[in-house]
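See below for the structure under consideration.
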Amino acid sequence: MLKKLLLSVLLITVFSFSFSQTKEELLAQKAEKKAEVDKYQAQADSIQAIIDALPGWRIGAFGTIGGSLSNFNNWYAQGTPNNEAGNIGFTVNAYANKIEDKYFWKNALTLNLNWVKLDDKDDPNDDDSFRSTTDVFNISSLYGYRLSKSWALSTFGEYRSTIIDNFNDPGYLDLGVGLTWTPNADLTVVIHPLNYNFVFSSGDTVFDSSLGAKIVADYTKTIGKLNIKSNLSLFQSYEDANLSNWTWTNSFGYTLWKNIGLGFDFGLRDNNQEAVNFALDNWDGTGTEPNFDNVDNKLQSFWTFGLSYKF
């Protein structure tokens, strides 16, 4: 009996040792394969960088889609026990760039739209439609004639507005000339000391056009499965600081399976004219009329998270 017990313990020990050795070997093999994958990925990235530097067109796009729908019946724990709610939004970042030895022509489109609804089934007079909550439209075109590998004389045009509500009211059109710095294929920095900011609006508003300087920094990069797009657009008015504005948008998409993955977008904006115009639209006529001196120009922001798709 004792011999059988000792034999069983010995067999278990040998089996455990063998299993442990096998696991360690498998982990070592996994590490070797991962090192090989990393090596080949680095080589692929290097080849892609060479391709990106070749003359010709580069066209691409990626975006984010996020949304949710819900329905509640007799859910008394919340203030609206019977409701239908929904949220849907998407972002598209697209570009078409022509790169040549003597010149370049870069074009970009950013579109971010979001809708939300809340239908209170117990209130027949409530608004049960989808309402716009995020509405961003931006299109730009940059032409540059190269002075060197990194610097170019350039002209730039950019239009920003909304497309669901109040299209071109306001709308911003920047046209200017100056220099552009392109240290690599991913980063473009526009420095235009001569730029006119046209502002379009209807009726009697606070919006005014003015002459100023335009600075744009755009970074677009694909690192393995990660897509990055960051854009800062800044206008500094020479006539009045209240007419200056800036917008910074960022998009990240990580591919999980084929072209589908996760995406995250966020943006910041500072625009004193929009802040005062919003205050005037909501002014009830009592007290001091909103103006540039008494309106708090709060930082504007948005973000979207959801599924992403690389075109």
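The values are calculated or read from the model by the stated rules, or taken from the named source; none is laboratory data. Small disclaimer: the values here were computed from a predicted structure and weren't measured. With ideal geometry, Cβ positions are generated from the backbone for all residues, glycine too; neighbour counts draw on all protein chains shown.
Does the stretch 209-230 include one or more residues that are closer than 28 Å to PHE156 by Cα, assigned by TED's automatic domain parsing to the domain that holds SER68, not in a strand (DSSP E or B) and not basic (Lys, Arg)?
Yes; the residues of the stretch 209-230 include at least one that is closer than 28 Å to PHE156 by Cα, assigned by TED's automatic domain parsing to the domain that holds SER68, not in a strand (DSSP E or B) and not basic (Lys, Arg).
Out of all the residues in the stretch 147-161, is one or more of a type in the set (Lys, Arg) and either closer than 25 Å to TRP57 by Cβ or buried (at least 16 other Cβ atoms within 10 Å of the Cβ) (or both)?
yes
With the condition kept exactly as written, say whether any residue in the stretch 72-85 is among the acidic types (Asp, Glu), loosely packed, with under 15 Cβ neighbours inside 10 Å, touching a residue at least 40 places away in the same chain (Cβ under 8 Å) and assigned by TED's automatic domain parsing to the domain that holds THR249.
No, the stretch 72-85 has no match at all.
Being surrounded by fewer than 17 Cβ atoms within 10 Å (Cβ to Cβ) and in contact with a Lys or Arg (Cβ under 7 Å, 6 or more places away or on another chain) narrows it down to one of ASP126, ASP186, so name that one.
ASP186
Given the criterion under 22 Å from ASN195 (Cβ atoms) and not in a strand (DSSP E or B), identify the matching residue among PHE235, PHE292.
None of the other options fit; the residue is PHE292.
Has the stretch 108-129 got any residue that is polar (S, T, N, Q), more than 30 Å from ILE191 (Cβ to Cβ) and not in a strand (DSSP E or B)?
Yes: the stretch 108-129 contains one or more residues that are polar (S, T, N, Q), more than 30 Å from ILE191 (Cβ to Cβ) and not in a strand (DSSP E or B).
Residue-by-condition table, conditions (1) of a type in the set (D, E, K, R); (2) in contact with a Cys (Cβ under 7 Å, 6 or more places away or on another chain); (3) part of a helix (DSSP H, G or I); (4) modelled with pLDDT of 70 or more:
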position	(1), (2), (3), (4)
LYS4	yes, no, yes, no
GLU32	yes, no, yes, yes
GLN41	no, no, yes, yes
THR64	no, no, no, yes
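Does ASP265 fit the bill of being over 19 Å from ASP169 (Cβ atoms), part of a strand (DSSP E or B), modelled with pLDDT under 90 and of a type in the set (Asp, Glu)?
Yes: the conditions hold for ASP265.
I'd like the full set of residues that are part of a strand (DSSP E or B) and surrounded by 17 or more Cβ atoms within 10 Å (Cβ to Cβ), limited to the stretch 268-288.
Hits for the stretch 268-288 are ARG269, ASN271.
Given the criterion over 17 Å from the mean Cα position of the chain (by Cα) and closer than 23 Å to TYR219 by Cβ, identify the matching residue among LYS98, LYS117.
Answer to the check: LYS98.
Give TYR95, TYR76 a once-over and let me know the one that is modelled with pLDDT of 80 or more and of a type in the set (Ser, Thr, Tyr).
TYR95
Scan the stretch 216-242 residue by residue and report those that are of a type in the set (A, V, I, L, M, F, W, C), buried (at least 18 other Cβ atoms within 10 Å of the Cβ) and out of contact with any Gly (no Cβ under 7 Å at 6 or more places or on another chain).
Answer for the stretch 216-242, where residues must be of a type in the set (A, V, I, L, M, F, W, C), buried (at least 18 other Cβ atoms within 10 Å of the Cβ) and out of contact with any Gly (no Cβ under 7 Å at 6 or more places or on another chain): just VAL216.
For THR134, indicate whether it is out of contact with any helix residue (DSSP H, G or I) (no Cβ under 6 Å at 6 or more places or on another chain), at pLDDT 90 or above and of a type in the set (Val, Ile, Thr).
No.
Identify all residues within the stretch 43-58 that are exposed (fewer than 12 other Cβ atoms within 10 Å of the Cβ) and aliphatic (A, V, I, L, M); write none if there are none.
ALA44, ILE47, ILE50, ILE51, ALA53, LEU54
Which of (1) at pLDDT 75 or above; (2) in a helix (DSSP H, G or I) is the odd one out, the single condition ILE50 does not satisfy?
Unmet condition: (1).
I'd like to verify a number: residues in the stretch 183-208 that are in contact (Cβ under 8 Å) with a residue 60 or more places away in the chain, assigned to a strand (DSSP E or B) and farther than 22 Å from ALA275 by Cα, how many?
1
Among the residues of the stretch 276-311, write down those that are in contact with a Pro (Cβ under 9 Å, 6 or more places away or on another chain) and among the small types (Gly, Ala, Ser).
Passing the criteria: only ALA279.
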